[in-house]
Amino acid sequence: MKALAVDSASQTLTVAVQNENAFFQTTLEMGLSQSEKLLPVIDNALKEIRLTPDQLDFTAVTLGPGSFTGLRLGLATLKALTLSNGTPLYGINSLEAYAFPYRNFKGAVLSLVESKDREFFYTVYKNAKSCNEIQASTAEEVLEAVKDEDSVIAVGPGAKKLKALTQAESLATENILFVEPAFTDGRALLCLAEEMIEQKKPALQDYDGPVYYKRSEAEIVLEAKSAKST
């Protein structure tokens, strides 16, 4: 397998490359500067593992939930490789990627991405199966979803924020183990993409975009303006 995977769904950027048995990964706390660094990071990762873009069998990218800007950036960058070299691109649910390394855990896996303020996108996985629909939820709603579970591990970029909120407000989390630091295992993205290939699921098409689970601020403002004009 010769493949490249990118997760730019949060402020932590992960680029992973596999060249047969060799694996290389870079994970950086990028904040809002991902747009300046993504291409150089990809270029360096490919050089480290002695690959060129035209040699890749496939690429994989997180499709959401996550940052509007980050998701668009990762998808556009890998679509450019598809356009240049015909490399199939597979879209991976962000929360599934963060939970993947813990799929054999006997309890519940709580996978989280920050939305804004006190909100999170989350999924509870049991036996590697999602137990809920993804939507923006408050910290209290997230904790309510796992309160009856004996053992829970919280993973993903949102786990640190949820832990901080629960500590600051003395919310009950006795059954939750927060995994820190929370960063993407690039092998998870590559493995999930391989599973899609084995299941003959289609690669992303040119018109496919990120999967948003919440309207953007621009959409909310536009809707409000439209309502006032009618």
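The values are calculated or read from the model by the stated rules, or taken from the named source; none is laboratory data. What you see is a predicted model, and the numbers here were worked out from it, not measured in a lab. As a convention, Cβ positions derive from the backbone with ideal geometry for all residues, glycine included, and neighbour counts pool all protein chains shown. Each accessible area value is taken on the protein alone, full model and side chains, heavy atoms only, with ligands, DNA and RNA left out. Shrake-Rupley method; radii C 1.70, N 1.55, O 1.52, S 1.80 Å.
Miscellaneous remarks
- With contributions of -39500 (n - 2.57) from each DSSP H run of at least four residues, the per-residue ellipticity at 222 nm computed over the chain stands at -11000 deg cm²/dmol.
- Centroid-to-centroid separation of the stretch 52-121 and the stretch 150-214 [C-alpha atoms, Å]: 10 Å
- Under the convention that each Lys and Arg Cβ holds +1 and each Asp and Glu Cβ holds -1, the size of the dipole of the chain around its Cα centre is about 280 debye.
- Placing a pseudo-label 7 Å from each Cα along the Cα-to-Cβ vector at residue 170 and residue 26 gives an inter-label distance of 4.6 nm.
- Spatially proximal aspartates and glutamates relative to residue 147 (Cα-Cα < 15 Å; intrachain offsets below 8 disregarded): 174
- Set 2/129; 37/126; 47/163; 129/200 screened for pairs whose C-alpha atoms are more than 31 Å apart: 37/126; 47/163
- Within the accessible surface of the stretch 28-169, defined with a 1.4 Å probe on protein heavy atoms only, the carbon and sulfur portion equals 48 percent.
- Structure-derived volume of the Cα convex hull per residue in Å³: which label, when the choices are [x] 206; [y] 129; [z] 146: [z]
- DSSP assigns beta bridges within the stretch 73-193; of those with both partners inside it, close to 65 percent run antiparallel.
- With a Förster radius of 45 Å applied to the beta-carbon distance between residue 54 and residue 177, the computed FRET efficiency rounds to 0.55.
- Here residue 214 is the anchor, and the aspartates and glutamates within straight C-alpha reach of less than 17 Å, apart from those fewer than 8 places off in the same chain, are 114, 117, 119, 133, 141, 223.
- Computed over the chain, relative contact order equals 20 percent, with contacts defined as Cα pairs under 8 Å that lie 6+ residues apart.
- Candidates 15, 28, 69 compared by Cα position along the dipole of the stretch 1-93: farthest toward the positive end lies 69, with charges placed on Cβ.
- Rounded to the nearest 10 degrees, the angle from helix 68-85 to the longest Cα principal axis of the chain is 20 degrees.
- Beta bridges from DSSP with both residues in the chain: antiparallel share about 60 percent, rounded to the nearest 5.
- Added length on full extension, which subtracts the Cα-Cα distance from 0.36 nm per residue, residue 80 to residue 35: 14.8 nm
- Largest GNM mean-square fluctuation across 115, 137, 67, computed for the chain with C-alpha springs under 10 Å, falls on 137.
- Candidates 121, 38, 211 compared by Cα position along the dipole of the chain: farthest toward the positive end lies 38, with charges placed on Cβ.
- The stretch 106-160: GluC sites (Glu not before Pro) in DSSP coil with no more than 13 other Cβ atoms inside 10 Å: 133
- Rolling a 1.4 Å probe over the protein heavy atoms gives the chain an accessible area of 53 Å² per residue.
- Charge tally in the Cβ shell below 13 Å around residue 134, where Lys, Arg are +1 and Asp, Glu are -1, residue 134 excluded: -3
- Partner lysines whose Cα lies under 17 Å from the Cα of residue 160, excluding those fewer than 8 positions away in the same chain, are identified as 116.
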